[in-house]
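These notes concern the structure reproduced below.
Any read-out appearing in this document is the output of simple, stated calculations on the displayed coordinates, not a laboratory observation. This is a predicted model, so every value here is computed, not measured. All Cβ positions, even for glycine, are placed from backbone atoms using ideal geometry, and neighbour counts span all protein chains on display.
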Amino acid sequence: MTNATMSQLLFVMLPYVALFMFFIGTIMRYRKAPFSYSSLSSQFLENNQHFWGVTALHYGIITILFGHLMGLLIPRQVLLWNSIPLRLYVLETFSLACALLALVGLLGTIERRIRYPKARKVTSPVDWIIEIMLILQVIAGIYVGVFRPWGTAWYSISAAPYLRSIFFLSPDISYIATMPWIVKLHVINAWLIVGLFPFTRLVHVLVAPLPYLWRKPQLVRWYGIRILPLRGRGVSSARG
């Protein structure tokens, strides 16, 4: 198999297969198992390490994804921001810090699932696979940030046009063909994560916390045993 054929498979066919699996998989799962769309939080099983790991993961991942989205949607504005060296240094440093925060959160959540059997029970084999892939993705991003600097600039010039060509059904791999191997690995792994997304616990991000914007307020009552004071010579009673 030639390099050109391999590139077509990895950077053209794989993205469309991944997107097809993402949309069909999420729809089918929602129709057949809507309850599984909830986060099924294991917070009740162990909350201390859960809080610190998930908090670091969410802040790191969401910020990094937001940065990638900005480079995709408004590349000119990003390049304009980076035209001043000091702002470029600040953005690169901030992005690297968020990636490290996400890595710490990922390692914390995985270590928690290994240590606590109850948390391990609610983790499927596909969840383990996706978490390993997420760690690989973050490590690859950190490597790029350290050894292939100014990624916020060349991402807007090279990677963003490639992604837009995929979404507009006119794939052009010339933007990605000359990229270093670590960048290509980063892209391939990202498409694999997209394809596996519907089959993991990550699907809860599609419904939470958005439903809270229109859901009616909930009144929670706690029913427990309450000892009533003695009245005359009667015996105390319990009411729940």
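Please state the shape class of segment 89-206: rounded when a/c is under 1.5, otherwise prolate if a/b exceeds b/c and oblate if not, all from the C-alpha gyration tensor.
Numbers: a/c = 2.62, a/b = 1.52, b/c = 1.72.
The shape class here is oblate.
Applied to segment 12-22, the Karplus parametrisation 6.51 cos²θ - 1.76 cosθ + 1.60 on θ = phi - 60° returns per-residue 3J(HN,Hα) values of 10, 5, 4, x, 6, 5, 5, 5, 4, 5, 4 Hz, with x for Gly and Pro.
If we count every other residue with Cβ under 13 angstrom of Phe11's Cβ, Lys/Arg +1 and Asp/Glu -1, where does the sum land? Residues near Phe11 contribute 0 overall.
So between Arg164 and Tyr143, what do we pick up on full extension, going 0.36 nm a residue minus the alpha carbon distance?
Values: separation 21, 0.36 × 21 = 7.56 nm, distance 2.44 nm.
Net length gain for the segment: 5.1 nm.
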